[in-house]
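The values are calculated or read from the model by the stated rules, or taken from the named source; none is laboratory data. Nothing here was measured: the structure is a model prediction, and the numbers come from that model. Here the Cβ positions follow ideal geometry from the backbone for every residue, glycine too, while neighbour counts run over all protein chains shown. Ligands, DNA and RNA are excluded from the accessible area calculation, which covers all protein heavy atoms including side chains. Shrake-Rupley method; radii C 1.70, N 1.55, O 1.52, S 1.80 Å.
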Amino acid sequence: MPISESLLAQAQDLLSTARHILIVSHQRPDGDAIGSTLGLGLALQAANKQVQMVNADGVPVNFRHLTGSNEIKRTPISGADCVIAVDCSDLHRIGEGLSALGPPDINIDHHATNTNFAKINLVDVDAVAVAQMLAEYLPRWGFVLPRAAGSALITGLITDTIGFRTRNVTPKALRITADLMELGVDMPMLYEQAIILRSFEALQFWGTGLQNLQRNDRMVWTHLTMEGRRAAGYSGRDDADLINILSSVRDCDIAMIFVEQPNCKVKVSWRARSGFDVSQIALSFGGGGHPAASGAEISGTLEEVQVSVLSTMAKFLNP
Ligand SMILES: [Mn+2]
């Protein structure tokens with residue numbers, strides 16, 4: 001649903017008077033978190049605003065080619081008169097250090113599970129990415145998009161749609177992408193960087209997960225251990241995108257990955273085909289996301305969390 005004109009005007013008022021703006025996004029940032037932080041930040045900088053871009057986990061190596069990504073720090077260095085959260089469904093996802101600052105002034109997001117945690121909440125669940133929303137609003141608010149901001153935003157659109165192939169892709173999302181290309185953005189290069197290229201270690205890590213692949217009903221799943229991660233030499237705490245390979249299995253409606261984390265936690269990712277909504281399941285485990293792609297971090301051993309989630313899934317598929 002489009003965001004009301006009055007909410008957009010409130011956000012515009014705040015942005016036009018703010019001098020020092022802090023932009024934050026979620027932990028374990030993806031391309032939309034980094035792309036939206038950077039796209040918004042670079043556009044505000046071009047309008048002579050003082051901007052701090054902050055992410056609790058920093059910029060993943062696969063987005064460091066983006067111009068300005070080295071300006072994203074892990075902690076704010078000074079105060080700000082306006083705080084904006086992008087691509088965050090709830091305050092907790094910003095990370096403990098940053099959520100301690102209190103509710104942000106503006107929350108720009110597209111998750112259906114968004115908790116409207118800011119003073120002004122711009123939430124559009126029909127947008128494929130927050131980057132799409134920013135590409136639409138920033139020019140309307142009178143901000144010029146520098147080419148580097150266009151590259152960052154296009155990266156958000158590419159990654160959240162896994163290369164324009166998720167079910168929620170709209171003509172509007174593609175038109176906005178085309179408009180960003182008109183800024184001189186090298187879309188094929190950014191597509192290759194964001195979707196195609198992977199490290200050798202990531203593929204070795206996949207191997208450990210693919211060896212344990214399981215199937216039942218219409219589900220396919222596997223787990224990744226910290227031991228497997230060490231053996232493969234993979235440095236991330238994530239699933240290295242293996243979930244997208246699992247979700248390619250024919251005749252399976254739901255794919256899941258259980259990724260062992262330090263401190264006796266397990267990160268679970270869900271992918272669902274059209275007709276299934278896994279976001280409510282993720283929400284019931286303290287996570288969130290979209291109907292077709294969700295995640296949660298659950299306390300317990302790998303074994304405990306798998307048993308618990310698999311039993312919930314069995315009830316979900318056979319109510
Ligand atoms: Mn997003």
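A few notes on this one:
- Taking all protein chains into account, the per residue accessible area for the chain stands at 46 Å² (1.4 Å probe).
- Hydrodynamic radius (Kirkwood) for the chain, which is based on Cα pairs only, to one decimal in Å: 20.0
- Coupling constants for the stretch 154-171 follow from the phi torsions by the Karplus curve (6.51 cos²θ - 1.76 cosθ + 1.60, θ = phi - 60°), and in residue order they are 5, 5, x, 5, 5, 6, 5, 9, 6, x, 6, 10, 7, 5, 8, 5, 10, x Hz; glycine and proline get x.
- Couplings 3J(HN,Hα) of the stretch 297-305, computed from phi: 10, 10, 6, x, 6, 3, 4, 4, 5 Hz, in residue order, whole Hz [Karplus 6.51 cos²θ - 1.76 cosθ + 1.60, θ = phi - 60°; x for Gly and Pro].
- Rounded to the nearest 20 debye, dipole of the chain from Cβ charges on Lys, Arg, Asp, Glu: 260
- Convex hull volume per residue, computed on the Cα atoms of the stretch 159-305, equals 131 Å³.
- Here the accessible area of the chain is 51 percent carbon and sulfur, with a 1.4 angstrom probe and all protein chains present.
- Full-stretch length increase - Val144, Ala231 - with 0.36 nm per residue and alpha-carbon distance subtracted: 26.6 nm
- 3J(HN,Hα) couplings calculated from phi for the stretch 186-194 with the Karplus curve 6.51 cos²θ - 1.76 cosθ + 1.60 (θ = phi - 60°) are, in sequence order, 8, 4, x, 5, 5, 4, 4, 4, 8 Hz; Gly and Pro show x.
- Positive-pole candidate from Gly39, Tyr234, Val24, dipole of the chain, charges at beta carbon: Tyr234
- Taking 7 Å steps out from each Cα toward its Cβ at Arg273 and Val61 produces label points 3.5 nm apart.
- Between helix 130-140 and the chain: long-axis angle, C-alpha atoms, 0 to 90°, nearest 10: 10
- Using equal-weight Cα scatterers in the Debye expression, the normalised intensity of the stretch 80-150 in log10 at q = 0.14, 0.22 Å⁻¹ is -0.45, -0.98.
- Taking 7 Å steps out from each Cα toward its Cβ at Glu303 and Ala100 produces label points 3.7 nm apart.
- Rounded to the nearest 20 debye, dipole of the stretch 201-317 from Cβ charges on Lys, Arg, Asp, Glu: 120
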